[in-house]
Amino acid sequence: MSFHCGRLCGVGSPTSDSLLAVADEVALRPAREDDMSVFDQLFNDPDGAGPFQWYGWRDPTRFRRRLAENGLLTDDGGTLMVVLADEPVGFISWRKVPTSMSSFCWNIGIGLMPGHRGHGYGTQAQRLLVRYLFAHTQVQRVEAATDVDNHAEQRALEKAGFQREGVLRGYGFRLGAWHDGVLYSVLRDEVTS
């Protein structure tokens with residue numbers, strides 16, 4: 001896999017045209033106003049969300065408000081667009097999770113449009129984000145959790161270098177029931193350039 005960092009990997013403030021990183025066909029970049037339809041489909045359309053991400057209808061303006069407020073990027077986490085030839089096909093996000101009084105790790109998540117699932121783009125995007133987070137923050141660990149029945153995402157995480165740690169019993173409430181999750185992680189020294 002070829003990998004290179006764009007402007008965000010170097011010095012300077014990100015813009016909506018900055019590329020975080022590129023690997024094979026996939027690139028990550030900050031969100032912009034014309035990407036908001038991706039969030040609408042992935043969060044407010046049961047078919048777009050898919051069987052593991054539908055949690056009912058939510059505030060359709062929350063991502064637009066956050067985009068205007070902070071570009072979906074803060075010190076405690078962020079959201080970037082997953083793009084193919086500058087076409088947004090989904091998003092990837094990360095959030096800070098305290099691990100002790102003086103340390104934290106990142107927890108990441110991804111959502112891809114239905115027609116772009118199952119092609120390896122999620123694996124590439126997650127691998128890119130992990131490399132970026134290790135290059136620009138001092139964390140030792142990046143983790144991700146998914147539904148115990150979401151075998152496609154489990155394979156994507158494993159291909160991206162994550163190791164399965166265990167089952168999280170009764171972890172997430174969706175569609176009227178509690179569901180088990182699976183926790184994965186990758187440590188800094190497990191990532192190759």
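Annotation: amide H of C105 within the under-5 Å range of V97, T99, sequence separation 5 or more or interchain, hydrogens built in the peptide plane. Each other residue within a Cβ distance under 12 Å of F162 adds +1 if Lys or Arg and -1 if Asp or Glu, for a net charge of 0.
Spin-label model, S102 to D34: label points 7 Å out along the Cα-to-beta-carbon direction sit 4.8 nm apart.
Across segment 24-31, coupling constants 3J(HN,Hα) worked out from phi with the 6.51/-1.76/1.60 Karplus curve, θ = phi - 60°, read 6, 8, 8, 10, 10, 8, x, 6 Hz, and Gly and Pro carry x.
Helices of the chain meeting both criteria, an alpha-carbon length of 15 angstrom or more along the long axis and an average Kyte-Doolittle score not below -0.5, with helices taken as full DSSP H segments, are 121-136.
Between R174 and residues 5 or more places away or on another chain, which pairs have amide H atoms under 5 Å apart, with H built 1.01 Å from N, and which residues are they? HN-HN under 5 Å from R174: H179.
Local charge for G118 was computed over the other residues whose Cβ lies under 12 Å away, with Lys and Arg +1 and Asp and Glu -1, and equals +1.
Test of understanding: ordering L175, L129 by Cβ neighbours within 10 Å, fewest first, what list do you get? Working shown, then result.
Working: L175 10, L129 25.
Ordered by Cβ neighbours within 10 Å, fewest first: L175, L129.
Over the residues of the chain, the helix contribution to mean residue ellipticity at 222 nm works out to -7000 deg cm²/dmol, using -39500 (n - 2.57) for each DSSP H run of at least 4. The residues neighbouring K96, those whose beta-carbon lies less than 15 Å from its own, together hold a net charge of -1 under the Lys/Arg +1, Asp/Glu -1 convention. Restricting the trypsin sites (Lys or Arg not before Pro) of segment 25-71 to loop positions (DSSP other than H, G, I, E, B) with no more than 13 neighbouring Cβ atoms within 10 Å leaves R58. Available extension along the chain between L187 and Q140 is 16.4 nm, counting 0.36 nm per residue and deducting the alpha carbon span.
Regarding segment 3-140, what is the average projected area of its C-alpha convex hull, in nm²?
On the way: hull surface 35.1 nm².
That works out to 8.8 nm².
Applied to segment 87-93, the Karplus parametrisation 6.51 cos²θ - 1.76 cosθ + 1.60 on θ = phi - 60° returns per-residue 3J(HN,Hα) values of 8, x, 10, x, 9, 9, 9 Hz, with x for Gly and Pro.
No value in this document is a laboratory result; all are computed from the given coordinates. Model, not experiment: these values are computed from the prediction. So basically every Cβ, Gly included, is an ideal-geometry build from the backbone, and we count neighbours across all protein chains shown.
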